[in-house]
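Below is one structure, written out as structure tokens; comments come after it.
Derivation of every value follows stated rules applied to the coordinates shown; laboratory data play no part. Source: prediction; values computed, not measured. Cβ coordinates were reconstructed from backbone atoms using ideal geometry, including for glycine residues, and neighbour counts include every protein chain displayed.
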Amino acid sequence: MQDIKSSYGRKGIRVSDRCPTRAIRHHLGRVNVGTSVEDVLAEVRAEIQSKIDEGTEAVDWTPKMVSDTLRFAEWQHLENRAEYAVVMGASL
């Protein structure tokens, strides 16, 4: 399990070691923090479905893995918003 701590005073998150946290962080680093959580999750779901449909992914996308991935994507997007608020001195 990965225990990931917030850098901005938010509650941390615990996800499976197999959760693609680096890929999610990389992807969400290019997503505007003003994007709704629902839109971010829809985009991540579509990407997961694409990987499943291709069948080339080494990851076994079990329901637990999908759940961990979506939870982490939401957490990371909100972490990015918290970073924005600190850097810009404003809130969304």
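Some points to look at:
- Model label points for S67 and A42, set 7 angstrom from Cα along the Cα-to-Cβ axis, are 2.4 nm apart.
- Theoretical ellipticity at 222 nm over the chain - DSSP helices of four or more residues, -39500 (n - 2.57) apiece, nearest 500: -19000 deg cm²/dmol
- Each other residue within a Cβ distance under 13 Å of K64 adds +1 if Lys or Arg and -1 if Asp or Glu, for a net charge of 0.
- With the Kirkwood sum run over all distinct C-alpha pairs, the stretch 20-88 has a hydrodynamic radius of 12.6 Å.
- Stretch gain in nm, segment S16-D60, where the contour uses 0.36 nm per residue and the Cα spacing is subtracted: 14.6 nm
- Net charge of Cβ neighbours under 13 Å - reference A46; Lys, Arg +1; Asp, Glu -1: -4
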